[in-house]
Amino acid sequence: MVIPSLSSSSSTTHHLLQYLRFHLSHPHNPKPHFLSHLYPTHHHNPKPFSSQPLSSQPLNPNPNPNPNPNPNPDLPPQLVNDLSRTLSDNRNPHHDLESALTPFSPNISTNLVEQVLKRCKNLGFSAHRFFLWARRHPGFKPTKETHHILVSILGSSKQFPLIWDFLAEWKDTQCCEIGPEIFWVVFRAYSRANLPADAIRALGKMADFGVGFGNDDVDKLLYELCKRKHVRHAQGFFDRVKSEVEPSAKSYSILMRGWGDIGESGEARKVFDEMLERGCRVDLLAYNSMLQSLCKGGSVEEAYKLFREMGSKGLEPDAFTYSIFIHAACDANDIHSAFRVLDRMKRYELVPNVYTYNAIIKRLCKNDKVEEAYLLLDEMIERGERPDVWSYNTILACHCDHNEVNKALRLISRMDQDLCLPDRHTYNMVIKMLIRIGRFDRVTKVWESMEERGFYPSASTYAVMVHGLCKKKGKLEDACRYFEIMVDEGIPPYSSTCEMLRNRLIGLGFSEQTHILADKMERSTSCSIQELSDIMRGERAGARLRREGESSDDSDE
């Protein structure tokens with residue numbers, strides 16, 4: 001059973017968008033435009049498109065709307081699935097992973113190992129054990145790429161002693177060259193783990209592995225530290241090292257953006273002034289970084305003054321320059337100014353990226369101007385900028401908040417037409433809304449349509465379903481059914497899901513059902529599910545609670 005085809009309205013046309021903008025920017029509107037300096041009344045010759053620098057671009061989801069689920073056609077996808085499932089089922093140190101892997105020995109190859117490691121990026125300990133096991137097989141020859149994948153996995157799991165042991169072994173075996181890029185992975189891992197001092201020390205350890213550091217390595221460390229808001233550590237490190245390595249405009253730009261991200265525009269200005277004093281060439285990236293820092297710190301007028309200086313320095317503002325002011329306008333809830341800057345960009349033939357369009361869409365939806373958000377979606381497509389899943393999810397959240405079932409389902413249908421795959425947030429929002437208002441027929445259709453779109457529910461989506469059904473009168477049996485499907489699929493549930501279902505069953509007098517479910521969990525091939533059976537029986541003392549991932553999915557549940 002699938003969702004019936006729901007055609008979306010075609011009434012959102014270009015002239016309506018022009019009317020909207022005229023209405024928003026008409027002189028009779030009393031709302032002041034705090035970015036009015038950017039809107040001179042005289043016209044300029046259009047400028048060619050100039051994209052923002054790569055280091056300034058936000059990270060967006062894969063732009064490919066329909067990625068190939070099997071990027072290695074010569075590798076059986078089921079083999080990758082089975083191996084990944086085995087690593088997931090035996091993720092704890094006391095599990096006998098090697099025995100579980102033995103049937104796969106004849107199939108081991110370098111390509112297979114790398115694909116499994118990429119799939120199991122959140123299974124640090126078992127991924128490392130799998131690598132060590134695979135290395136004993138003649139079909140697997142570790143490459144530089146394999147080493148990078150494993151170090152990234154260990155870093156994500158905060159297994160830092162294992163990382164250094166692994167690098168030391170790599171150096172001794174000399175199986176392939178150790179380059180500076182592997183240390184960039186280590187910088188990122190320590191920064192993500194909120195260990196900035198260790199990230200800085202990692203740079204000093206490069207010499208122990210015969211790798212010298214230069215500007216690129218310093219910039220990468222600064223970037224990773226600032227990205228995780230460790231700006232003061234980054235600044236302190238920079239002040240110590242700038243006498244050894246000549247700072248570049250990129251180094252200063254990274255620091256300026258870092259200070260701006262934590263609202264310290266005054267500190268960013270000090271970095272900018274130092275850059276000028278040292279005679280470092282101030283390029284467009286540096287100006288954009290300073291403008292962004294000022295706007296994030298609330299100094300929009302000062303940002304405009306700096307914007308006016310760019311022409312005298314021989315610099316032409318690009319799409320990212322104007323986008324900074326669009327984001328500032330959206331943060332200030334001044335949608336009029338955001339549209340004015342957007343129109344200004346259009347006159348210069350500059351196209352905002354999807355991240356900037358999404359900022360305007362988000363502000364429109366917060367102001368309950370959903371129809372205008374749809375108009376902006378149409379404009380994005382007309383101008384060659386493909387909306388991403390966040391573009392649609394922002395509008396979808398508004399429909400779900402207002403319990404607009406038909407509009408929400410039409411939007412998912414439109415995502416199909418626009419070749420944008422829904423993600424777990426898409427489905428979690430819709431399922432939660434449908435259960436909340438009691439549209440269980442629609443819930444079933446949405447659930448059954450997920451596989452057709454190539455989406456397979458994870459623990460968070462099952463949690464939304466089970467938690468929601470548990471709270472609805474007469475739906476406890478359905479909650480148990482979806483929980484059993486989850487167990488059959490080998491997906492370890494959240495401990496909170498087990499607890500909620502157990503408490504609900506006992507509260508309604510079905511305590512025997514908890515033992516039936518616990519027995520089923522104990523028969524699972526997943527060791528993690530077996531251990532969670534203790535929670536279903538109420539034996540919390542011996543249970544190894546599966547807490548990872550729950551905090552990130554609370555909003556979905």
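The values are calculated or read from the model by the stated rules, or taken from the named source; none is laboratory data. Nothing here was measured: the structure is a model prediction, and the numbers come from that model. Glycine also receives a Cβ, built like all others from the backbone with ideal geometry; neighbour counts cover every protein chain displayed. Heads up: the accessible areas ignore ligands, DNA and RNA and are worked out on the full protein's heavy atoms, side chains in. Shrake-Rupley method; radii C 1.70, N 1.55, O 1.52, S 1.80 Å.
Quick notes on this one:
- Picking from residues in the range 249-258 that are under 15 Å from G279 (Cα atoms) and touching a residue at least 40 places away in the same chain (Cβ under 8 Å), the one that is most open to solvent (accessible area, probe 1.4 Å) is K250.
- Residue pairs meeting the criteria (Cβ under 6 Å; at least 6 apart or on separate chains; first surrounded by fewer than 16 Cβ atoms within 10 Å (Cβ to Cβ), in the range 173-187; second assigned to a helix (DSSP H, G or I)): C176/K144
- Checked against (1) open to solvent by 10 Å² or more (accessible area, probe 1.4 Å); (2) touching a Pro at 6+ places or on another chain (Cβ under 9 Å), P196 meets all criteria but (2).
- Across the range 133-163, the number of residues qualifying as within 24 Å of R201 (Cβ to Cβ) and small (G, A, S) comes to 4.
- Residues being closer than 13 Å to S460 by Cα, part of a helix (DSSP H, G or I) and in contact with a Lys or Arg (Cβ under 6 Å, 6 or more places away or on another chain) - total across the range 483-515: 1
- Residues in the range 137-167 that are farther than 23 Å from P196 by Cβ and either open to solvent by less than 70 Å² (accessible area, probe 1.4 Å) or in contact with a strand residue (DSSP E or B) (Cβ under 9 Å, 6 or more places away or on another chain) (or both): H137, G139, F140, P142, T143, T146, H147, I149, L150.
- When residues of the range 220-248 are limited to those that are modelled with pLDDT under 95 and surrounded by 15 or more Cβ atoms within 10 Å (Cβ to Cβ), the one nearest to A202 (Cα to Cα): V241
- F213 fulfils the conditions (1) assigned to a helix (DSSP H, G or I); (2) touching a residue at least 24 places away in the same chain (Cβ under 8 Å); (3) open to solvent by 60 Å² or more (accessible area, probe 1.4 Å); (4) hydrophobic (A, V, I, L, M, F, W, C) except for a single criterion, (1).
- Check on F131, surrounded by 21 or more Cβ atoms within 10 Å (Cβ to Cβ) and at pLDDT 95 or above: no
- Of all the residues in the range 405-439, those that are free of Cβ contacts under 8 Å to residues at least 60 places away in the same chain, open to solvent by less than 50 Å² (accessible area, probe 1.4 Å) and more than 24 Å from G490 (Cβ to Cβ) number 8.
- Enumeration of residues in the range 119-178 that are on the phi > 0 side of the Ramachandran plot and either basic (K, R) or within 27 Å of the chain's Cα centre (by Cα) (or both): K158
- Selection count, the range 462-482, where residues are assigned to a helix (DSSP H, G or I) and over 27 Å from the mean Cα position of the chain (by Cα): 9
- Residue within the range 496-519 that is within 28 Å of S99 (Cβ to Cβ) and more than 35 Å from the chain's Cα centre (by Cα) present: yes
- When restricted to residues that are charged (D, E, K, R), open to solvent by 70 Å² or more (accessible area, probe 1.4 Å) and within 28 Å of L87 (Cβ to Cβ), the range 489-531 contains 3.
- Matching residues in the range 489-513 - criterion: being touching a residue at least 40 places away in the same chain (Cβ under 8 Å) and not aromatic (F, W, Y): G490, P492, P493, S495, S496
- Contacts under 8 angstrom Cβ, first residue in the range 125-141 being without any contact (Cβ under 8 Å) to a residue 24 or more places away in the chain and in a helix (DSSP H, G or I), partner open to solvent by less than 30 Å² (accessible area, probe 1.4 Å) and not aliphatic (A, V, I, L, M), 6 or more apart: F131/T146
- Of the residues in the range 231-240, at least one is farther than 20 Å from W184 by Cβ and among the charged types (D, E, K, R).
- Where helices (runs of 4 or more DSSP H) fall entirely within the range 272-383, those with at least 2 residues that are modelled with pLDDT of 95 or more and of a type in the set (D, E) are at 370-382.
Yes or no, residue by residue, for (1) of a type outside the set (D, E); (2) in contact with a strand residue (DSSP E or B) (Cβ under 6 Å, 6 or more places away or on another chain); (3) at pLDDT below 95; (4) under 17 Å from E477 (Cα atoms):
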site: L517; (1), (2), (3), (4): yes, no, no, yes
site: K520; (1), (2), (3), (4): yes, no, no, yes
site: S526; (1), (2), (3), (4): yes, no, yes, no
site: R537; (1), (2), (3), (4): yes, no, yes, no
site: A541; (1), (2), (3), (4): yes, no, yes, no
site: G549; (1), (2), (3), (4): yes, no, yes, no
site: D554; (1), (2), (3), (4): no, no, yes, no
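- Tally of residues being part of a helix (DSSP H, G or I) and either charged (D, E, K, R) or free of Cβ contacts under 8 Å to residues at least 24 places away in the same chain (or both) across the range 87-118: 9
- Residue in the range 294-302 that is surrounded by fewer than 22 Cβ atoms within 10 Å (Cβ to Cβ), closer than 19 Å to D378 by Cβ and within 27 Å of the chain's Cα centre (by Cα) present: no
- Matching residues, the range 325-337, being within 22 Å of V389 (Cα to Cα) and buried (at least 24 other Cβ atoms within 10 Å of the Cβ): I326
- Condition check for N111: of a type in the set (S, T, N, Q), over 23 Å from the mean Cα position of the chain (by Cα) and surrounded by fewer than 21 Cβ atoms within 10 Å (Cβ to Cβ): yes
- In a residue-by-residue description of the range 444-454, the property of being more than 22 Å from the chain's Cα centre (by Cα), in a loop (DSSP other than H, G, I, E, B) and among the charged types (D, E, K, R) applies to no position.
- Contact map, the range 334-356: first residue at positive phi, second residue at pLDDT below 95, Cβ cut-off under 9 Å, separation 6 or more or different chains; pairs are E349/P46; E349/K47; E349/P48; E349/F49.
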